[in-house]
Amino acid sequence: MDAATEVFVAHRNLLFTVAYEMLGSAVDAEDVLQETWLRWMKVDMEQVRDQRAYLVRITTRRSLDRLRTMSRRKEDYVGSWLPEPLLTAPDVAEDVELAESVSMALMIVLETLSPTERAVFVLREAFGISHDEIAAAVGKSPAAAVGKSPAAVRQIAHRARGHVDARRPREAVSPGQTRAVLESFQRAFETRDLQGLLDVLTPQIVLISDGGGVKQAAPRPITGAEKVARFIIGGLGKADVVLTSDHTLVNGNPALVLRVNGEIDGVIAVRVEDARIAGLYYVRNPEKLTRIGSETPLTLRSTR
């Protein structure tokens, strides 16, 4: 392995995590990594003082460019759009900071930020990158305003953090607590127990389902425990199939994989508040389920 390849491999999982947190799509994150690799192969390594920072800078710029393309795709997307769920190893769940940064709940909040705000928030909050380096990373992409100073980046970071804090879960919930709530939810929907579902849902719960126009899904978010519970029971009642569900780890957090007649039908991730489900996210789009068969390595750190 030549020196440039060795460096890239050492940072690859970190770079993928940066791109995925910025894009919410593993497919697009892989494309960004390919573009980063091609750019890296043209670099004179003797002129690079900080290899990690240089690679993160390339990845950030490519991700910002990719966001422009994705925004056009989302405008034409059928129904609600959810991030692509990733099957992750237990070590991701054990890293509290990482598990929160890639959780479906937070990834959905990040969708409400502008591309530059999202890049600044991800690089600063998740990866602890300095304002100076972030300014260098976001300042030369067509998707970002050119010439961002470190002072401007600080302001963007403050604004983005306030926006996210106002919408992120109010309290930290352990994997064990989330798993217990999921078990109650699982029992209720498998037995078509309407009252059991109502007991495990908060009154203001929001359900978002993503079928991508390929699988049936609610065209818009559904709000309220009664409406969500009846939507779930109604959908199950129409299905003359064998429906099973299994506990797993998705994006570093407990989740359920639903199977119909043994085939993966979708992934359910949740946001838990006060020991009940406040957010329910159901991804059914087959194009977004390709990463459920094998674990995707995520990390906030490089291997060197």
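The values are calculated or read from the model by the stated rules, or taken from the named source; none is laboratory data. It should be emphasised that the depicted structure is a prediction, and the values quoted were computed from it without experimental measurement. Backbone-built Cβ (ideal geometry, glycine too); neighbour counts: all protein chains shown. Calculation scope for accessible area: heavy atoms of the full protein, side chains included, ligands and nucleic acids excluded. Shrake-Rupley method; radii C 1.70, N 1.55, O 1.52, S 1.80 Å.
Of the listed requirements (1) farther than 28 Å from LEU198 by Cβ; (2) of a type outside the set (A, V, I, L, M, F, W, C); (3) open to solvent by 50 Å² or more (accessible area, probe 1.4 Å), ARG259 misses just one: (1).
Candidates in region 9-22 are the residues that are of a type in the set (A, V, I, L, M, F, W, C) and over 17 Å from ALA137 (Cβ atoms); of these, the one that is least open to solvent (accessible area, probe 1.4 Å) is ALA10. The set of residues in region 221-234 that are within 26 Å of the chain's Cα centre (by Cα) and at pLDDT below 95 comprises PHE231, ILE232. Put simply, of GLU183, GLU111, GLU190 the only residue that is under 30 Å from LEU236 (Cβ atoms) and touching a Leu at 6+ places or on another chain (Cβ under 8 Å) is GLU190. Screening ALA152, ALA180, ALA218 for residues that are at pLDDT below 95, open to solvent by 10 Å² or more (accessible area, probe 1.4 Å) and of a type in the set (A, V, I, L, M) leaves exactly one candidate, ALA152. Evaluating PRO254 against the criteria (1) over 20 Å from PRO83 (Cα atoms); (2) in a strand (DSSP E or B); (3) in contact (Cβ under 8 Å) with a residue 40 or more places away in the chain leaves one unmet condition, (1).
Scanning region 36-86 for residues that are of a type in the set (Phe, Trp, Tyr) and in a loop (DSSP other than H, G, I, E, B) turns up TYR77, TRP81.
A count restricted to region 262-290 and to residues that are more than 12 Å from THR178 (Cα to Cα), surrounded by fewer than 19 Cβ atoms within 10 Å (Cβ to Cβ) and touching a Pro at 6+ places or on another chain (Cβ under 9 Å) stands at 1.
Can you find, within region 23-56, the residue that is farthest from GLU133 (Cα to Cα) among those that are surrounded by fewer than 16 Cβ atoms within 10 Å (Cβ to Cβ) and of a type in the set (S, T, N, Q)? By that ranking, first place goes to GLN34. For the condition open to solvent by 70 Å² or more (accessible area, probe 1.4 Å), in contact with a Gly (Cβ under 7 Å, 6 or more places away or on another chain), among the hydrophobic types (A, V, I, L, M, F, W, C) and more than 30 Å from GLY176 (Cα to Cα), VAL78 qualifies.
For first residues located in region 53-66 and at positive phi and in contact (Cβ under 8 Å) with a residue 24 or more places away in the chain, partners that are surrounded by 24 or more Cβ atoms within 10 Å (Cβ to Cβ) and polar (S, T, N, Q) and lie 6+ apart or on another chain with Cβ distances below 9 Å do not occur.
Each residue in region 54-73 was checked for being hydroxyl-bearing (Ser, Thr, Tyr) and either at pLDDT 95 or above or over 19 Å from the mean Cα position of the chain (by Cα) (or both), and 4 pass.
Candidates LEU113, LEU98: the one that is closer than 22 Å to ARG66 by Cα and surrounded by 13 or more Cβ atoms within 10 Å (Cβ to Cβ) is LEU113. When VAL242, VAL250, VAL228 are checked against the criterion of being farther than 25 Å from THR88 by Cα and open to solvent by less than 10 Å² (accessible area, probe 1.4 Å), a single residue qualifies: VAL228.
Here's the yes/no breakdown for (1) under 21 Å from ARG271 (Cα atoms); (2) of a type in the set (Val, Ile, Thr); (3) in contact with a Ser or Thr (Cβ under 6 Å, 6 or more places away or on another chain):
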{"position": "GLU84", "(1), (2), (3)": "yes, no, yes"}
{"position": "VAL96", "(1), (2), (3)": "yes, yes, no"}
{"position": "LEU113", "(1), (2), (3)": "yes, no, no"}
{"position": "GLY128", "(1), (2), (3)": "no, no, no"}
